[in-house]
Each structure stands twice: as structure tokens, then as C-alpha cells.
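What follows is one structure encoded as C-alpha cells, with my remarks underneath.
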Protein chains: 2
Amino acid sequence: MTGERRKFTREGEERRREALISATLDLVAEGGVMAATVRAIAARAGVTPGLIRHYFTGKEDLTRAAYRGLMDRMTAENLDVIRNAGADPAARLAAFVAASLRPPVVHAGRLGRWAAFIQMVRRDPAIREVHEATYLNYRDQLQGLIADLPGSRDEGDLRRLAIACNGVIDGLWLEGCALPESFPDDELARIGVAAVGAILGVDLMPHIPDPAAESETP
Amino acid sequence: MTGERRKFTREGEERRREALISATLDLVAEGGVMAATVRAIAARAGVTPGLIRHYFTGKEDLTRAAYRGLMDRMTAENLDVIRNAGADPAARLAAFVAASLRPPVVHAGRLGRWAAFIQMVRRDPAIREVHEATYLNYRDQLQGLIADLPGSRDEGDLRRLAIACNGVIDGLWLEGCALPESFPDDELARIGVAAVGAILGVDLMPHIPDPAAESETP
DNA sequence: CACCTAATTATACACTTGCATAATTACCTT
DNA sequence: AAGGTAATTATGCAAGTGTATAATTAGGTG
């Protein structure tokens, strides 16, 4: 029973990269940066650690790629929500807000992942750029939805309103992820939609979509 | 020139504990959990690593103590803000909101520290308890200020309004810490006070305090 | 089928981490 | 001033980290 070398199959480059990235994101979500060691990542991806350095310059490179992939996926999901919403501006906005304040977006693992990456944002300029771009994109989406509402607002007001609404959403998302059992039913979404409506001077509550509609990956 | 043993003085237990805790908090704020190694902490506290295990069971114990200390300090600061505010309910609320959305509370290092500790909150039940207590205390303070406003609101509404306002504050705090240069002057506080006022149906803007008032430690 | 290339694994290394233990020495007591 | 005690330092260690490099072998090509 001496050393038996492990059998393997040659997968496509893209699949291996994605497997490694996905493993990284999962591990970070579960146990923070601490848990995402090269060995753990490789094991989760069904591979040996050496392969990481075959597809990436090093661990830092992999982490960067993972963050970029995550951000791309998130903005794509947001776009999907807007696309699948109806035509009425108020309903579209309500759907956008509600989607950000319900599972699977509200999810303890997502908060952990977000918290873990925030550290990198400060140190790594490349990451910081991705972060800012994603954040501003989200805010712009929101600002667009607000601009489509009936009534006219000047550009400066529009920006400030978008910042405020974005704040409510982010803050409530945070609280929902950190203390999930504190907000039964769909309370978080209802509070968020009501608050955004109040800030904008529009009653959005009649337009809040049914909770049991869509679902995405955690 | 052989090994010269380092000179030292015997400080009080309380001072040493505080020095170690303070060093831990600073390092976590600067470089995340990663940077807060026993050696770095000891060096920052002007001490050798072994002392950590003399005053604490281990690194985890020190980290827990640091988190508890931080949370205590934060709630104390919040209480100070309320104490130093005037008598008018609207002005008190405006002061409370504004204080949370200005330096030194809005500070990149604080976000990093918060993010670093959030991970622990999920894994360590003791830490989680402290976290929830602090969070609920903050929200209760807020709810009390809201309840003091003119007009009557039932208990359920009060709770929901406090959650929403807390969300705005948290979310804007987050954005302000992450992208400091995006909000010149006192814009963040102004947006926050306006949004909270809108949610509550009260115009708080006339009561927003002058930015150049107080200052605290980062 | 043999061969060649590159995807994959295996091994080794230098470094860091937290912790345990032993050796010192500053300061209090008498 | 002497002595004792506990606060503090010094040293060592096992485990885990990322990375470099060499050894294999899967799978396409002639």
C-alpha cells in the first residue's frame, strides 16, 4: 500500500478556473478569509493545491478573480430583477428594493463574504476599482428607477435621493443578514419599500411584489 | 555583545490589559484580523508575546475582550451624544443621526474593524450576544428619540420606523466609510438627517447641528 | 500504436502563527 | 538590605501557510 498517485482527468481551462473561483467564494462565505487557504480551496474544487498556481499567478490573483466574478454576477442579477419587473415605474422600483431585502440576497453567508472582501477593497487598488464601479452601477440603476417616477426632480436632488435610498437598502440588508430571525415573514422588504417610498414622497406599498416569486443562488 | 535581556517595568494589570486590547483594536482596524497576530499585538503594546497569555487565556480570549470593550465604548459614546444634545426632541434626534454620519464615526478604519469582527459574530455565540445587545441598544435609543417627537405613533409603527431609520444610518455610514471622498463637506449627515425626517414625516433639517462641534477618538 | 505536450499531482521549503515552558528580574515586604 | 513572588521576557515547538520545482500521466496527434 505505498504511494498511489491520484487519478485525474483534464478539464477545460474555463471549468477549472470557475471551479476554483466558486470554491473560493463558498469558503470565504462560510468561514471568512481565514478559511480560504490554498489547500481548502483546492480540496473543495476537487483538485490539488498546485493547480491553483497553474491557472492563477498566486492566491492573491485567484482572490481578485473571485471578487470580480462575484461582482459581475451581482450586477447581472440586479439587471435581471429590473428586466423581469413590469412597466409601471413605481412597481419597478418596489420590485428592485424588495429583491434586495429578501432571500437569497439577505443571507448570513453573503454578509460574511462581503465583510471579508471589504478588507481587500481598502488595500488593493484593483479591487477597489471593481468595488466602486459595482457600487456606483447599483446606485445608478436605483437613480434611474427614481427618475422614472412621476413628478420631476433636478439632478442634484436625484443624486441625493438615490444615495439615501441606497443607504436604506444597504442598512436593512445588513441587519437582515446579521439577525435573520428578527424579521419574520417579509417584514424587512416591507419596511424597506415603505421607507424608500417615504423618502421619495411616493406610496410604494401597493406595488410590493409577492414574496414567493423568484429565487437565485446564494 | 551577547543576548541582552530586555528591560521592563511592572505596570498594573488593568493598564496592561487595556494596552493589549487597544493594540488589538488598532491593528484590526488597520489591517484586518490577518494583521492582528500575537506578535504584532505585543509589539504595538510595547510588550513581548508571552504576556498575552499571562493576562488572557489565549488570543481568542483577548479578541473577545477587545470586541466587548469596543462595543462598550461605542454605546457610551452614543449616550454622550444624547446627553449633550439640547431639549427639543427634533434637535436631539437630528444630533444623534448627524453624529453617526460624521467623523470620527465615519472612518475607513472603523469599517474595516467592523467587517473583521462581523465574521466572529457568526461563529462565536458569546460575541454574538454582545453584538445583538449593542445593536438593540442603539436601536432602542433611536426608538426613544422618535417616540419623543410630537405626534403619537403606536408601538408597532415605532418599532418599524426605528428599524428603517437605523437602516438609513447604517447604510450611509457604510458608504461614507467605504468611499470617503464621494461625500464632501457634511453631505452624508445632511442626506441622512433629511432621509430620517422624511421617513418620520418631520422636517429635521433646521435642527441639524453644526459640523465643527465635538470630536472623539477613532 | 507510439509519442509528445501540457494539465495535473507530489514533494519540499522557508516562513509565520499560536502556545507552552523555562529563565529572569523588577518591585514589594519585612 | 535581603528575600520572595509574580510579572515579564526568552526560547522552542508543532502545525499550518503560500510558493517553487520536479515528477507523472491523460489525452490528442502523427
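When the range A:1-23 is examined, which residues are found to be without any contact (Cβ under 8 Å) to a residue 40 or more places away in the chain, near DNA strand C (Cβ under 9 Å from one of its atoms) and either basic (K, R) or open to solvent by 60 Å² or more (accessible area, probe 1.4 Å) (or both)?
Scanning the range A:1-23 gives A:T2, A:G3, A:E4, A:R5, A:K7, A:F8, A:T9, A:R10, A:E11, A:R15, A:R16.
For the range A:43-53, name all the residues that are farther than 18 Å from A:G69 by Cα and either more than 8 Å from DNA strand C (Cβ to nearest atom) or free of Cβ contacts under 8 Å to residues at least 24 places away in the same chain (or both).
A:A43, A:P49, A:G50, A:R53
Checking A:L136 against (1) touching a helix residue (DSSP H, G or I) at 6+ places or on another chain (Cβ under 8 Å); (2) outside any loop (DSSP other than H, G, I, E, B); (3) of a type in the set (A, V, I, L, M, F, W, C), which single condition isn't satisfied?
The failed condition is (1).
Does any residue of the range A:24-37 turn out to be within 16 Å of DNA strand C (Cβ to nearest atom), open to solvent by 50 Å² or more (accessible area, probe 1.4 Å) and free of Cβ contacts under 8 Å to residues at least 40 places away in the same chain?
Looking through the range A:24-37, at least one residue is within 16 Å of DNA strand C (Cβ to nearest atom), open to solvent by 50 Å² or more (accessible area, probe 1.4 Å) and free of Cβ contacts under 8 Å to residues at least 40 places away in the same chain.
Keeping to the range A:110-130, report how many residues are within 9 Å of chain B (Cβ to nearest Cβ) and either closer than 20 Å to A:C177 by Cα or touching a Cys at 6+ places or on another chain (Cβ under 8 Å) (or both).
Residues flagged as within 9 Å of chain B (Cβ to nearest Cβ) and either closer than 20 Å to A:C177 by Cα or touching a Cys at 6+ places or on another chain (Cβ under 8 Å) (or both) within the range A:110-130 amount to 8.
Spot the failing condition for A:L145; the list is (1) open to solvent by less than 20 Å² (accessible area, probe 1.4 Å); (2) within 9 Å of chain B (Cβ to nearest Cβ); (3) touching a helix residue (DSSP H, G or I) at 6+ places or on another chain (Cβ under 7 Å), and only one is missed.
Among (1) open to solvent by less than 20 Å² (accessible area, probe 1.4 Å); (2) within 9 Å of chain B (Cβ to nearest Cβ); (3) touching a helix residue (DSSP H, G or I) at 6+ places or on another chain (Cβ under 7 Å), the lone unmet condition for A:L145 is (2).
Residues checked against (1) outside any loop (DSSP other than H, G, I, E, B); (2) surrounded by 19 or more Cβ atoms within 10 Å (Cβ to Cβ); (3) modelled with pLDDT of 95 or more:
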{"site": "A:V121", "(1), (2), (3)": "yes, yes, no"}
{"site": "A:D170", "(1), (2), (3)": "yes, yes, yes"}
{"site": "A:L188", "(1), (2), (3)": "yes, yes, yes"}
{"site": "A:A213", "(1), (2), (3)": "no, no, no"}
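Give me the pairs, please: first residue somewhere in the range B:176-191 and in contact (Cβ under 8 Å) with a residue 12 or more places away in the chain, second residue anywhere and open to solvent by 20 Å² or more (accessible area, probe 1.4 Å) and part of a helix (DSSP H, G or I), beta-carbon distance under 6 Å, and either six or more positions apart or on two chains.
So the pair list comes out as B:C177/B:A108; B:I191/A:R160.
Would you tally the residues in the range B:175-186 being buried (at least 22 other Cβ atoms within 10 Å of the Cβ) and at the interface with chain A (Cβ under 7 Å from one of its Cβ atoms)?
Residues flagged as buried (at least 22 other Cβ atoms within 10 Å of the Cβ) and at the interface with chain A (Cβ under 7 Å from one of its Cβ atoms) within the range B:175-186 amount to 1.
Based on this model, can you work out whether B:V97 counts as more than 16 Å from DNA strand D (Cβ to nearest atom), surrounded by 13 or more Cβ atoms within 10 Å (Cβ to Cβ) and in the same structural domain as B:Q119 (by TED's automatic domain parsing)?
Judged against the criteria, B:V97 is a match.
Give the residue that is nearest to the chain's Cα centre (by Cα), with candidates limited to residues of the range A:54-75 that are open to solvent by less than 50 Å² (accessible area, probe 1.4 Å) and within 16 Å of DNA strand C (Cβ to nearest atom).
Going through the qualifying residues, I end up with A:A65.
Could you check the range B:50-77 and list, in sequence order, the residues that are within 14 Å of another protein chain (Cβ to nearest Cβ) and within 16 Å of DNA strand D (Cβ to nearest atom)?
Within the range B:50-77, B:K59, B:E60 qualify.
Can you say whether A:I146 is farther than 28 Å from B:Y135 by Cα, touching a residue at least 40 places away in the same chain (Cβ under 8 Å) and assigned to a helix (DSSP H, G or I), as far as the supplied structure shows?
For A:I146, the condition - farther than 28 Å from B:Y135 by Cα, touching a residue at least 40 places away in the same chain (Cβ under 8 Å) and assigned to a helix (DSSP H, G or I) - is met.
Checking the conditions here, which among A:V47, A:V81 is more than 10 Å from DNA strand D (Cβ to nearest atom), over 20 Å from A:E129 (Cβ atoms), of a type in the set (A, V, I, L, M) and assigned to a loop (DSSP other than H, G, I, E, B)?
A:V47
Testing B:A162 on (1) more than 9 Å from chain A (Cβ to nearest Cβ); (2) part of a helix (DSSP H, G or I); (3) more than 17 Å from A:V196 (Cβ to Cβ), one condition comes back false. Which one is that?
Condition not satisfied by B:A162: (3).
Can you report the number of residues in the range A:189-199 which are of a type in the set (A, V, I, L, M, F, W, C) and more than 8 Å from chain B (Cβ to nearest Cβ)?
Matching residues across the range A:189-199 total 3.
What about A:L25, is it of a type outside the set (G, A, S), more than 10 Å from DNA strand D (Cβ to nearest atom), closer than 23 Å to A:H131 by Cα and part of a helix (DSSP H, G or I)?
For A:L25, the condition - of a type outside the set (G, A, S), more than 10 Å from DNA strand D (Cβ to nearest atom), closer than 23 Å to A:H131 by Cα and part of a helix (DSSP H, G or I) - is met.
Taking the conditions exactly as written (more than 21 Å from the chain's Cα centre (by Cα) and either assigned by TED's automatic domain parsing to the domain that holds A:A91 or in a helix (DSSP H, G or I) (or both)), does A:A194 satisfy them or not?
Against the criterion (more than 21 Å from the chain's Cα centre (by Cα) and either assigned by TED's automatic domain parsing to the domain that holds A:A91 or in a helix (DSSP H, G or I) (or both)), A:A194 qualifies.
The values are calculated or read from the model by the stated rules, or taken from the named source; none is laboratory data. This is a predicted model, so every value here is computed, not measured. Heads up, the Cβs are rebuilt from the backbone with ideal geometry, glycines too, and the neighbour counts pull from every protein chain shown. Surface areas here come from the heavy atoms of the whole protein model, side chains and all, with no ligands, DNA or RNA. Shrake-Rupley method; radii C 1.70, N 1.55, O 1.52, S 1.80 Å.
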